[in-house]
Structures are given as structure tokens and as C-alpha cells.
1. Summarise the accessible area of segment 265-349 (1.4 Å probe, protein heavy atoms) by the percent that is carbon and sulfur.
2. If we count every other residue with Cβ under 14 angstrom of Gly346's Cβ, Lys/Arg +1 and Asp/Glu -1, where does the sum land?
3. Given H placed on each backbone N at 1.01 Å, which residues far from Glu13 in sequence or on other chains put an amide H within less than 5 Å of it?
4. Apply the a/c threshold of 1.5 to the C-alpha gyration tensor of the chain and tell me whether it is rounded, prolate or oblate.
5. For segment 166-313, with every protein chain kept in place, what is the accessible area per residue (1.4 Å probe, Å²)?
6. Dipole size in debye (nearest 20) for segment 300-405 around its Cα centre, Lys and Arg Cβ +1, Asp and Glu Cβ -1?
7. Label segment 1-87 by shape, choosing from rounded, prolate and oblate, from the square roots a ≥ b ≥ c of the eigenvalues of the Cα gyration tensor; if a/c is under 1.5 it is rounded, and otherwise prolate applies when a/b is larger than b/c, oblate when it is not.
8. Given segment 1-151 reduced to its alpha-carbon atoms as identical point scatterers, what log10 I(q)/I(0) does the Debye formula return at q = 0.14, 0.16, 0.19 Å⁻¹?
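The values are calculated or read from the model by the stated rules, or taken from the named source; none is laboratory data. Please read these numbers as outputs of a predicted model, since none were measured by experiment. FYI the Cβ positions are ideal-geometry reconstructions off the backbone, even for glycines, and counts take in every protein chain you see. In case anyone asks, the SASA skips ligands and DNA or RNA and just uses the protein heavy atoms, side chains included. Shrake-Rupley method; radii C 1.70, N 1.55, O 1.52, S 1.80 Å.
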Amino acid sequence: MTQKIHMTTPLVELDGDEMTRVLWPIIKEKLILPFIELKTEYYDLGIEERDRTDDQVTVDAARAIMKYGVGVKNATITPNADRVREYGLKKQWKSPNGTIRAMLDGTVFRKPIMVNNIKPAVRSWEKPIVVGRHAYGDVYKNAEIFAEKGGKLEIVVTDRDGKVTRKTVMEVEGPAILQGVHNTVASIESFARACFEYALDQQIDCWFATKDTISKVYDQRFKNVFEDIFAEEYRERFKAVGIEFFYTLIDDVVARMMKTRGGLLWACKNYDGDVMSDMVASAFGSLAMMSSVLVSPFGYFEYEAAHGTVQRHYYKHLKGERTSTNSVALIYAWTGALRKRGEIDGIPALVSFADSLETTVIECIEEGYMTGDLALICEPKAVKVLNSIEFLQELAERITAKLRQ
Ligand SMILES: NC(=O)c1ccc[n+]([C@@H]2O[C@H](COP(=O)([O-])OP(=O)(O)OC[C@H]3O[C@@H](n4cnc5c(N)ncnc54)[C@H](O)[C@@H]3O)[C@@H](O)[C@H]2O)c1
């Protein structure tokens, strides 16, 4: 390959924090810039810039994704009290992912990156299980009360016309706890459409589960929304590409998941997705081998790694110590975004570059060259354990050789 690939529309690039911020420019310099005339619109979502702009930069970045359609995001610190002290922040800014998700109305899809020398803990899993997590409401937006003396525990709705509906949850004698959760039908509809669109895009079956036999209003509404939207908008499109939608109970789906060969989308309610995506990531090998994409029903895509800023490695890096941070999921964030840009803009060379880079990463690890986190779990033993930069250098040599062939 002699000429660099030309892009027509910019990718929205959202930079982040700590160790992943250290690796970000090196990934670009070694693996992307030599091959692509990269066009990006850059937003610095590092914690200092978010603090300086009162988090306006996060909102601007989300708007840019809505304008151009595709973003690639680095991992960012969600500040807690410790971070406020560490960086002298004005306040505990909200999670950038939460802000972006609320603006794009998205669903998060997490997909394990599989290599043949790391065996999933579940023996039957041959292909990735993608977890699609609804990222609105439920327990994450709850109201809770500790009723010290017990009493009548109720839920109340006052609708827009002032009509009050009241239900007793339980009357109890001693101290008790009460929790109120909600979701909106509009959000559940977006979630269903995002899942069906993703399944179509990847040509994989979509499984969804709730506990509708117990929760006859709340969970049953999720079930009905999925089934109605599928019947009205997706049944024929699924049939045309030979994929299926399957609904069952959450306990049944967990049992079936352990016997499946994988290669499907598991659409999960918010809490189920929170818990199950970590189980799936761990069972497939490592959080550093989990790609993540936020898909909006309006056709916006934001790619990122599923992991955080790898804080512990960053402190080692600051002390000048050797780190072995695995950059695979970050690289996949770039390849995912470049491929999508190529598909939307009709640039096959961009799509095939993304494919080649991913193949290079997989071949490199399968031939035994990897970072320390993978060396601990791979079989047979690693040929060479590389540090953060050596791994990227190894990939750079391999992709250069591959594309010059
Ligand atoms: N999407 C995001 O932007 C995102 C997600 C999670 C956490 N965070 C932020 O990241 C910071 C650190 O959080 P954390 O420590 O809970 O999560 P983390 O994902 O950074 O690290 C969790 C564990 O996994 C290991 N790990 C993760 N990625 C790795 C990689 N690429 N290579 C090797 N090992 C890896 C780390 O050593 C650590 O033990 C926090 O400030 C948090 O707010 C951001």
C-alpha cells in the first residue's frame, strides 16, 4: 500500500484520562496515521478540561456525534470525592458516558474479542455473546426510604391532570426498606429498536428476557414493547437475513446461555446488563478484550473500550515503571469507528483497513505476543510478554508488513 486512505467525513474523537490517555496518541501515531489521512473533530474529555469548561465539552462532543454520526471515545474518569481532591475539581462532574447516553438515547453493546489461545470459562462458547444493556432508569434512577418504624408502604402516582393513583406495597410491623423505580415506554421502545438494529447489522439472533411472570406490569411492559415492535417493524427483515428473535424468562435465559455456542445478542434490562456483562467479559477472558459501542435509534454510533482508565497502571507509568496495559479494546474502538465511517461514506478501503488491523491484533496474540494480563490466562504459554509500548510497536510492524504485501 502506498497511498493513504482518504476520509470524507470527520470522526468525532473524544479523548480521556490517565493510562488510556497515554496510549491514545501512540495508537494513532503507530497504527492509524501511517495508513489513513485521518480526519477527526477532537474533543478533550480529560478531567481537567471537563472541569475548566463546566462539563460543556462533553455536551459539545455529544452534539458533534449527533452532527457527524460516528464517535470514538477514550476512557474517562467519573469523579468521586477522591478525584475531586486529586485534581482539585470544582465538583463531582457527572459520568461523561451517562451524559452522552442521555443525549444520544442509546443502548450499549459489549462484545468480547476472542482469540484461540484464550479459552472461555464456559466450554460451549465458540462465538462471542454480545450483551446489549438498556442504559436508562430502573434501580439506577430510584427513590428509596428506610421506614424505621415500619407502617404502610405505598407507591403513588399523580398524573398530569392531578389524578392520584395509590397502591399499598406492604404493611409491616418492624423496620423496613422501600424502593421506587421507573422506566419510560419511549426509552424501552428505543432500547428494543437499538437491539433489533444491532442484531440486523451483525446478522445474529437477538434474545431478550425479563421476569414478566412475577412483574406483571413493569417487566411485562418490556416484553410487550419488544414483541410488538418486532412484529410490526422487524419480523420480515429478520426473516430476510435468517436471524431470529427469542423471548423467555431471565432465569431460563441464564440457564440456556451456559449451553449455547454463542454468536448472539443478549438484550438485557439495565441491572441484568450491568451484572451479566461483567460475567460474560470475565468468562471470555478479560475486560481488556471487550469492545463496546453505543448505538442510538437515530443512527449515531459511539465506539469505546469497555474498561476504564487503568488508574493503577497510570500511577506506575508516572513513576517511570514498566506497564503492561492491554490496548486491544482501545484499538477496536478505533477500528469500529473507522469501519462504520467507511460503511456510511462508501469507502471500502477504510472498512478493509479496519478488518486488517483487527486481524493483525488477533494474529499477534494467537502467535504468542501479548501483554501481561493475557499472558496470565493464555494456553499455550506466551512466546513473549510485551509492555504497553512494545505491544503497539509489534502491531505497527505487523500491520505495515501486511499492508505492504
Ligand atoms: N468507559 C469509561 O470511560 C470508564 C469505564 C469504567 C471506569 N472508568 C473510570 O476509570 C477509572 C478507573 O476505574 P477502574 O479501576 O474501576 O476500572 P478499569 O477498567 O480501569 O480497571 C479495572 C481492572 O481491570 C484491569 N484492566 C482494565 N483495563 C485493562 C487493560 N487495558 N489492560 C490491562 N489491565 C486492565 C486493571 O488493572 C484493573 O485491575 C475510574 O476513574 C472510573 O471512573 C471509566
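1. 54
2. Summing Lys and Arg as +1 and Asp and Glu as -1 gives +1.
3. Under 5 Å from the amide H of Glu13: Glu41, Tyr42, Tyr43, Val72.
4. prolate
5. Values: 7220 Å² over 148 residues.
I get 49 Å² per residue for segment 166-313.
6. On the way: 12 positive and 15 negative charges, 71 e Å.
In total the dipole reaches around 340 debye.
7. oblate
8. Treating every Cα as an identical point scatterer, log10 I(q)/I(0) equals -0.93, -1.10, -1.26.
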